[in-house]
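Take a look at the structure set out below.
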Amino acid sequence: MTLRVGGAVQQQVGTTAGAFTIVLPEGPGSAMVSLEYTQAGVHFTSLLGSRARLLRIAGTDNRLTLEDCECTRVSAFSTGLQHMATTLLGHAPRSDMELRNVVRRMGSDLTSATVALARLADSPDLLPPGHDTGLALLQDPSAFWTYLEQTHHALLLEDPAAALAPIPAADITDADVPARIAFLGPMLDVRSPLAVYASVLEREGDAFTLHGGFSDLGNTYTGAVQDGRLVLTPSVEIAYTNLAQVWCPSTLEMTGERWKLLRQEMRRRWTGDRLQIWETTTESEISYPECPELPGSIQRTTGISAAADLADTGLLTSARRFQGRTALPVFCDTSDQHNGSSIVGCSYDVHEFASDGTGTILDLGDKVGSGLAPIQSSGRRPFSWAMGDDGAMHVQAGEERVRYWVLDGGDGAALGVVHIADADRGAGRVSIAGYTAMIRAGVPDTYTASSAVGAWGYGTRDFSSRWYLVRPFSSRVRIVRDASGQSVEWVNDAPAPVDPERWTTAWGRLYSTRWSGADCTQPSAQCWRSSVRYFRPLARVGNRIHGIEEYYVKAGGEGPGHEAALAQSRPQFHEARPLPTAGHAAVRSPASAGKAESRMRR
């Protein structure tokens, strides 16, 4: 076992039955401490955190044990965590905060890395030539991706539940289960909050409610800590049937596959500063009611995600952060629509919070009209608000109640919030949870024909182009708008193989339109708008403009004159970037054109 402080080797000791004692020398409190374990075919690591944090956790006896910090367990999981942190940052984490923030970016890649490391440690014969440990293979992204392609993922990444189960985790007690814990999907960066998946587990005694990322009615459980893990059993049956999934020999027809949730088990794998990592294993039953000769099965799926105790958000969640004009999601019932839902985020709009506990949602409604032509919206909806005993901001608009906890400070203009929306419907109470940006609107800025020109990065494009284990590369996306009104997407330094859009401004908002033909610029019998991306600026921080993006598509088939359908409404940011190195020499970069006609003022 090797001890490193600030990346430098400090001490090496042997281990006995997996146990060891090692002395942490004197040094600066900010120095990051890590452990490494090596044997033939195995190289495991664990990043413990800063020296100051470890001394604080150890307490008065100055001894750091497994009971004090799960980080002292050196395993495939701790190795996957440190490897993903180093890969995403481009260097080893230099502080506890940097480690905490990068954990939020990992998502399912942490699961994949851990599973691969565990399998390769158990079976070193699976390693390809030139790599003597699983960690060495993961540190060579091209070789790792080639290996996955050659094995079709089957040898390493399939059935993660089986690979993760033998890896020990912390034994939790009932006191370790918070009243409300949010399980968070991967994000671009905590300083750049956008809308991502999240679920919230809420407890009252042994009764639990799991608010998912999709509207849910049957989401209540009974729970208890058993053998050091939280076990949840549905209070009511949670099941659904996928139609026409499997061939039935007796009927000679496709038959439905029924999925029934049996239970969920949750283990805590890591604890940092105001952040945890939990592993959730879902056990379900698969059956074929209309074809009983088909054998059923028990299915186990496992995932790892970052998690936050919402009781830790008290310093950020206050009424003053919401007062004034703030952009937040709006929820509604779309169950009367095709593929609708009983509660869903139907738009993202500016909320005006008054100091007396009332407020108004502003500018509701479509931003395009017939033929997807730009129009102004003026819809308004009243709401009431109050701070709740659960530490959340409660907003009631019509039948829908939304609770918000401010989790991340973001960049000051856009903050990251966890939310739970619920409402009483005919069949019972429904709910949905998520994580999104809360944009604090500054003095309204406008996009003009001059200020919109240049090269811009879009937050959601950055996020979708950064995958590590799925694809071992990161692309740089820029939207280049020229003075003629043409908008071209560039990936790295080459135009993307998609038709350009035409952009224009109206009432200070940006409209980017894709037409039915590449040469179309005006509506006619042969030309019509097929989609429009709308952006309303709300706040500026440096070269970044936060705002509301809405995406509209033409409903009703081919041809002109059809109505618009709102496909997406969400927070977005545009960030001024240097122009691509090739082409567009005449386009002025907004990064250098800081004296644009209109500026955002805070």
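Can you name the condition, by its number, that G371 falls short on among (1) open to solvent by 10 Å² or more (accessible area, probe 1.4 Å); (2) over 30 Å from T521 (Cα atoms)? Against the list (1) open to solvent by 10 Å² or more (accessible area, probe 1.4 Å); (2) over 30 Å from T521 (Cα atoms), G371 comes up short only on (2).
When segment 174-190 is filtered for residues that are open to solvent by 30 Å² or more (accessible area, probe 1.4 Å) and in contact with a Gly (Cβ under 8 Å, 6 or more places away or on another chain), only P186 remains. Taken over segment 218-241, the criterion of being farther than 19 Å from F183 by Cα and under 27 Å from the mean Cα position of the chain (by Cα) is satisfied by I238, A239, Y240.
From the list A195, A207, A170, A162, the one residue that fits, being under 22 Å from the mean Cα position of the chain (by Cα) and small (G, A, S), is A195. Hey, any hits in segment 117-134 for a residue that's open to solvent by less than 30 Å² (accessible area, probe 1.4 Å), at pLDDT below 90 and of a type in the set (A, V, I, L, M, F, W, C)? Taking every residue of segment 117-134 in turn, none turns out to be open to solvent by less than 30 Å² (accessible area, probe 1.4 Å), at pLDDT below 90 and of a type in the set (A, V, I, L, M, F, W, C). For the structure I just gave you, tell me whether W278 is at pLDDT 95 or above and either open to solvent by 50 Å² or more (accessible area, probe 1.4 Å) or under 28 Å from L184 (Cβ atoms) (or both). Spelling it out, W278 is indeed at pLDDT 95 or above and either open to solvent by 50 Å² or more (accessible area, probe 1.4 Å) or under 28 Å from L184 (Cβ atoms) (or both). Scanning segment 374-387 for residues that are under 27 Å from Y197 (Cβ atoms) and either open to solvent by 20 Å² or more (accessible area, probe 1.4 Å) or at pLDDT below 95 (or both) yields R381, W385, M387.
Among the residues making up segment 151-190, those that are assigned to a loop (DSSP other than H, G, I, E, B), at pLDDT 90 or above and aliphatic (A, V, I, L, M) are A165, I167, A169, A170, I172, V177, A179, M187, V190. Among the residues making up segment 363-379, those that are more than 30 Å from the chain's Cα centre (by Cα) and either touching a residue at least 60 places away in the same chain (Cβ under 8 Å) or part of a strand (DSSP E or B) (or both) are G369, S370, G371, L372, A373, P374, Q376, G379. Across segment 105-142, the number of residues qualifying as outside any helix (DSSP H, G or I) and under 24 Å from P93 (Cβ atoms) comes to 6. Looking only at residues of segment 479-496 that are of a type in the set (D, E, K, R) and open to solvent by 10 Å² or more (accessible area, probe 1.4 Å), we find that the one that is farthest from A455 (Cα to Cα) is D493.
On inspection, A162 does not qualify as touching a strand residue (DSSP E or B) at 6+ places or on another chain (Cβ under 6 Å) and of a type outside the set (S, T, Y).
Among the residues of segment 149-198, those identified as over 25 Å from R104 (Cβ atoms) and β-branched (V, I, T) are T151, T173. Only a single item in (1) outside any strand (DSSP E or B); (2) touching a Pro at 6+ places or on another chain (Cβ under 7 Å) is not met by L47, and it is number (1).
Check off (1) free of Cβ contacts under 8 Å to residues at least 60 places away in the same chain; (2) under 27 Å from the mean Cα position of the chain (by Cα); (3) under 18 Å from R267 (Cα atoms) for C69 and give me the number that stays unchecked. For C69, the failing item is (1). Note on segment 297-354: enclosed strands (runs of 3 or more DSSP E) holding 1 or more residues that are open to solvent by less than 40 Å² (accessible area, probe 1.4 Å) and over 25 Å from R536 (Cβ atoms) are 297-309. The residues of segment 6-35 that are in a loop (DSSP other than H, G, I, E, B), of a type in the set (A, V, I, L, M, F, W, C) and loosely packed, with under 13 Cβ neighbours inside 10 Å, listed by number, are V13, A17, V23. Could you run through segment 253-279 and say how many residues are polar (S, T, N, Q) and more than 19 Å from Q82 (Cβ to Cβ)? Residues that pass the stated criteria total 2. Listed by first and then second residue, the pairs linking a residue in segment 90-116 that is touching a residue at least 12 places away in the same chain (Cβ under 8 Å) to a residue that is assigned to a helix (DSSP H, G or I) and of a type in the set (S, T, N, Q), with Cβ atoms under 6 Å apart and 6 or more places separating them unless they lie on different chains, are A92/T86.
The lone criterion from (1) more than 33 Å from the chain's Cα centre (by Cα); (2) of a type outside the set (G, A, S); (3) within 21 Å of I172 (Cβ to Cβ) left unmet by T111 is number (1). Restrict the check to segment 357-368 and report whether at least one residue is within 24 Å of L310 (Cα to Cα), at pLDDT 95 or above and open to solvent by 30 Å² or more (accessible area, probe 1.4 Å). Scanning segment 357-368, I find no residue that is within 24 Å of L310 (Cα to Cα), at pLDDT 95 or above and open to solvent by 30 Å² or more (accessible area, probe 1.4 Å), so the answer is no. Just a yes or no: is a residue in segment 17-24 of a type outside the set (V, I, T), modelled with pLDDT under 90 and farther than 30 Å from L127 by Cα? For segment 17-24, residues of a type outside the set (V, I, T), modelled with pLDDT under 90 and farther than 30 Å from L127 by Cα: present. In summary, strands (runs of 3 or more DSSP E) completely within segment 191-264 and bearing 1 or more residues that are farther than 23 Å from R300 by Cβ, open to solvent by 70 Å² or more (accessible area, probe 1.4 Å) and without any contact (Cβ under 8 Å) to a residue 40 or more places away in the chain occur at 198-204, 239-248. Of the listed requirements (1) open to solvent by 30 Å² or more (accessible area, probe 1.4 Å); (2) touching a residue at least 40 places away in the same chain (Cβ under 8 Å); (3) within 24 Å of the chain's Cα centre (by Cα), P537 misses just one: (1). Taken as a whole, the structure places T280 among residues that are touching a residue at least 40 places away in the same chain (Cβ under 8 Å), part of a strand (DSSP E or B) and under 23 Å from the mean Cα position of the chain (by Cα). The set of residues from segment 294-330 being free of Cβ contacts under 8 Å to residues at least 60 places away in the same chain and more than 23 Å from the chain's Cα centre (by Cα) comprises L294, P295, G296, S297, I298, Q299, R320, Q323. The set of residues in segment 1-57 being farther than 16 Å from D96 by Cα, without any contact (Cβ under 8 Å) to a residue 12 or more places away in the chain and not aliphatic (A, V, I, L, M) consists of Q12, T16, G18, T21, E26, Q39. Scanning segment 565-580 for residues that are more than 20 Å from S451 (Cβ to Cβ) and of a type outside the set (S, T, Y) yields a count of 6. If you go through segment 391-405 and keep only what is in contact with a helix residue (DSSP H, G or I) (Cβ under 8 Å, 6 or more places away or on another chain) and either assigned to a loop (DSSP other than H, G, I, E, B) or closer than 21 Å to T360 by Cβ (or both), you end up with G391, A392, M393, Y404.
The values are calculated or read from the model by the stated rules, or taken from the named source; none is laboratory data. Keep in mind that this is a model prediction, so the values were computed, not measured. With ideal geometry, Cβ positions are generated from the backbone for all residues, glycine too; neighbour counts draw on all protein chains shown. Accessible surface areas use protein heavy atoms only, side chains included; no ligands, DNA or RNA. Shrake-Rupley method; radii C 1.70, N 1.55, O 1.52, S 1.80 Å.
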